[in-house]
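I have placed the structure first, in the form of structure tokens, so that the comments after it can refer back to it.
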Amino acid sequence: MNRAVIYACSHRRGGNSDRAARWLARGVCEAGGEADIIFVREHDVRPCLACGYCDEPGGRRGRDLCVLGHDDEAWALFEPMLSARAVLFASPIYFYHLPSMFKTWIDRSQQFWAAKAEGAPWLTGLPERSARAVFMAGRPRGDTLFDGAAVTLRYFLHNFSMTLAEPLTFRGVDEPGDIAARDHCRENITALGRTAWEESR
């Protein structure tokens with residue numbers, strides 16, 4: 001576990017989430033680490049079939065955990081979460097929640113919930129880690145604007161022995177250049193990347 005992985009979760013290429021992911025990576029590098037940015041939109045992830053295959057006992061692991069494991073790229077997205085020293089997310093908020101491509105991938109993590117419930121040592125033996133997230137919403141108001149996304153991400157991360165630190169949130173961020181035009185956004189997001197790496201030691 002000697003690298004950080006950053007998931008850029010927006011459907012839009014070159015937008016605020018992509019920029020935030022690069023700033024997070026810069027922070028990790030400033031702290032002496034190395035980071036890989038993964039763009040979720042570039043991976044073919046099929047939706048969960050709710051078929052129950054992953055709930056059947058049998059000690060499977062890897063791509064064989066899911067009936068769709070060899071049919072798409074969901075496992076390629078999951079694999080870094082098993083080995084990364086630091087895990088970070090940069091995501092927009094759509095309708096008070098996570099984008100559909102990101103959420104489709106999260107739904108496929110039922111396979112890890114089932115494996116952990118079965119006591120799979122390769123999963124239950126993962127070290128405790130803390131994950132970080134940056135959420136950006138076009139909407140400028142809303143008391144619960146980020147709550148749904150945070151709850152979903154928190155329970156998703158639990159499957160990988162991770163806890164979600166308090167997300168860094170920005171409102172009224174919609175057009176591609178909005179985050180860059182805000183005072184201190186770059187500094188705050190870069191600082192989050194540094195903190196994620198430094199506190200993962």
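Only the coordinates and a few stated rules stand behind these numbers; no lab work does. Owing to the predicted nature of the structure, the values given are computational and were not obtained by experimental measurement. Backbone-built Cβ (ideal geometry, glycine too); neighbour counts: all protein chains shown.
On the basis of the beta-carbon distance and an R0 of 25 Å, Tyr94 and Asp55 show a calculated FRET efficiency of 0.25.
Counted over segment 37-178, the DSSP beta bridges are approximately 5% antiparallel.
3J(HN,Hα) along segment 5-15: 10, 10, 9, 8, 10, 7, 6, 8, 6, x, x Hz, from the Karplus curve 6.51 cos²θ - 1.76 cosθ + 1.60 with θ = phi - 60°, whole Hz, x for Gly and Pro. Sequentially through segment 166-183, phi angles give Karplus couplings (6.51, -1.76, 1.60; θ = phi - 60°) of 4, x, 8, 10, 9, 9, x, 10, 10, 6, x, x, 4, 5, 6, 7, 7, 4 Hz, Gly and Pro residues having no value and appearing as x. Quick one: angle between helix 74-83 and the longest Cα principal axis of the chain, in degrees between 0 and 90, rounded to 10, please. In the chain, helix 74-83 runs at an angle near 80 degrees to the longest axis. Arranged from fewest to most other beta-carbon atoms within 10 Å of their beta carbon, Ser109, Ser130, Ser91, Ser200 become Ser130, Ser200, Ser109, Ser91. Amide H to amide H, with H built 1.01 Å from N, Phe89 comes under 5 Å of Tyr7, Arg132, Ala133, Val134, counting only residues 5 or more places away or on other chains. For the pair Arg3 and His184, label points projected 7 Å from Cα toward Cβ lie 3.4 nm apart. Ellipticity at 222 nm from helices only: DSSP H runs of n ≥ 4 in the chain, each -39500 (n - 2.57), divided by the residue count, give -10500 deg cm²/dmol. Computed from Cα atoms, the angle from the helix 185-198 axis to the main principal axis of the chain rounds to 40 degrees.
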